[in-house]
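Peer 1: Have a look at this one before I ask anything.
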Amino acid sequence: MNALTRPSEDRTIVLVGAALLGLLALTFGAAHLDLGGAGNLVVAFAIALGKAALVGWFFMELRERSRLVVLALGSAIFMLAIATILTLTDYLHR
Amino acid sequence: MTPSSSVPCVAEQFDDLEQQHRAGTFGIWVFLASEMMFFGGLFGSYLVYRVLHPAVFAAASHALDAKLGTLETAVLLVSSAFMATGVHRSRNGRFGAAAAFLAVTALLGALFVGLHVHEWLGDAEHGHFPGAGFHWSGPEPRPTEMFFVLYFVTTAFHALHVTIGVFVVSTAALVSLRTAVPGPRRQHALEYVGLYWHFVDVVWIFLYPMFYLAGHR
């Protein structure tokens, strides 16, 4: 039996699901507060990142941290970061 | 594995099952990486326009039904939990239960698409569909129309991914019941499908605040 077949997996999934729905409620609630234009964006994005991390870590099993998987995912994030940053440096200085 | 099985447990090009599994997992992640680049382009476009027109995007966002958007998000999050449970069942050899969980996943996906179509029809009725019929009574209609262009294009592409996912998940549910396919192959197939489904969920996790909650309410 390894980490992926332990009986507590069902309980983990339910807990993660509940946490995701809780973060969703938090997102919706935070949107009703005035945190300044950038503040709302930052908070919403941070919570979204948290939800994505939960889905990635537990449901997509990034906790297994297979090197090939990390390589594929890391490459995409790296490429997107380059594309986004360079695009923004262009538009923000026009 | 099984005498009359036409599907080998380990395909010819692999040394063993573990190598096959590693290759398959890497392969699906490379595909997901390409999908990230695809949606990344749309996200990047949104980011540029939002940075250039923050007030316009906040105002336009108010025109969207945030409660419906929240419900849609909840549906997808729950569907991911069902998918993960289905994959877990298949790991324990409980393929019938796995098929049931995947069936629920597919149904929730179909519900998501249905809710979304209902939403788009409502947006169109209000004259928010970009093009000749676009109508906006507030200031700056042109940048506002850009918000709706990004909204419809991005959510349409996402809904397309969900629709494809519904068909793939449904097929995987049926494959799960095909005893002619060796257990490990079925289990791995469900894993790969699960990864695609979770990815589509993660994309929406970001889309939801981007479009529905762009300005505080």
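The values are calculated or read from the model by the stated rules, or taken from the named source; none is laboratory data. Everything numeric in this text was worked out from a predicted model, so none of it was measured. In this analysis, Cβ positions are derived from the backbone assuming ideal geometry, glycine residues included, and neighbour counts consider all displayed protein chains.
Peer 1: For region A:49-86, name all the residues that are within 8 Å of chain B (Cβ to nearest Cβ) and aromatic (Phe, Trp, Tyr).
Peer 2: Residues satisfying the conditions are A:Phe58, A:Phe59.
Peer 1: Within region A:18-48, take every residue that is in a helix (DSSP H, G or I), facing another protein chain (nearest Cβ under 7 Å) and of a type in the set (A, V, I, L, M) and give me the one that is nearest to the chain's Cα centre (by Cα).
Peer 2: In this case the residue turns out to be A:Ala48.
Peer 1: Being touching a residue at least 60 places away in the same chain (Cβ under 8 Å), assigned to a helix (DSSP H, G or I), surrounded by fewer than 22 Cβ atoms within 10 Å (Cβ to Cβ) and more than 10 Å from chain A (Cβ to nearest Cβ): is that true of B:Leu174 here?
Peer 2: On the way: touching a residue at least 60 places away in the same chain (Cβ under 8 Å): yes; assigned to a helix (DSSP H, G or I): yes; surrounded by fewer than 22 Cβ atoms within 10 Å (Cβ to Cβ): yes; more than 10 Å from chain A (Cβ to nearest Cβ): yes.
Here the answer is yes, as B:Leu174 does meet what is asked.
Peer 1: So is B:Thr144 assigned to a helix (DSSP H, G or I), within 18 Å of B:Tyr212 (Cβ to Cβ) and touching a Phe, Trp or Tyr at 6+ places or on another chain (Cβ under 6 Å) or not?
Peer 2: On the way: assigned to a helix (DSSP H, G or I): yes; within 18 Å of B:Tyr212 (Cβ to Cβ): yes; touching a Phe, Trp or Tyr at 6+ places or on another chain (Cβ under 6 Å): yes.
Yes; evaluated as a whole, the condition is true for this residue.
Peer 1: Here is a check on your reading of the model: is B:Val10 more than 17 Å from B:His158 (Cβ to Cβ), of a type outside the set (Lys, Arg), in contact with a Phe, Trp or Tyr (Cβ under 9 Å, 6 or more places away or on another chain) and at pLDDT below 95?
Peer 2: Numbers: more than 17 Å from B:His158 (Cβ to Cβ): yes; of a type outside the set (Lys, Arg): yes; in contact with a Phe, Trp or Tyr (Cβ under 9 Å, 6 or more places away or on another chain): no; at pLDDT below 95: yes.
Judged against the criteria, B:Val10 is not a match.
Peer 1: What residue, among those in region B:177-211 that are modelled with pLDDT of 95 or more and hydroxyl-bearing (Ser, Thr, Tyr), is surrounded by the most Cβ atoms within 10 Å (Cβ to Cβ)?
Peer 2: Out of the qualifying residues, it is B:Tyr208.
Peer 1: Which of the following residues is free of Cβ contacts under 8 Å to residues at least 60 places away in the same chain and in contact with a helix residue (DSSP H, G or I) (Cβ under 9 Å, 6 or more places away or on another chain): A:Leu86, A:Leu21? Quick ask: steps written out before the conclusion?
Peer 2: Working: A:Leu86 fails: in contact with a helix residue (DSSP H, G or I) (Cβ under 9 Å, 6 or more places away or on another chain).
None of the other options fit; the residue is A:Leu21.
Peer 1: Out of all the residues in region B:98-123, which are more than 17 Å from the chain's Cα centre (by Cα) and surrounded by fewer than 16 Cβ atoms within 10 Å (Cβ to Cβ)?
Peer 2: Residues satisfying the conditions are B:His118, B:Leu121, B:Gly122.
Peer 1: Which residues, taken from region B:61-78, are more than 10 Å from chain A (Cβ to nearest Cβ) and either touching a Leu at 6+ places or on another chain (Cβ under 6 Å) or on the phi > 0 side of the Ramachandran plot (or both)?
Peer 2: B:Glu72, B:Val75
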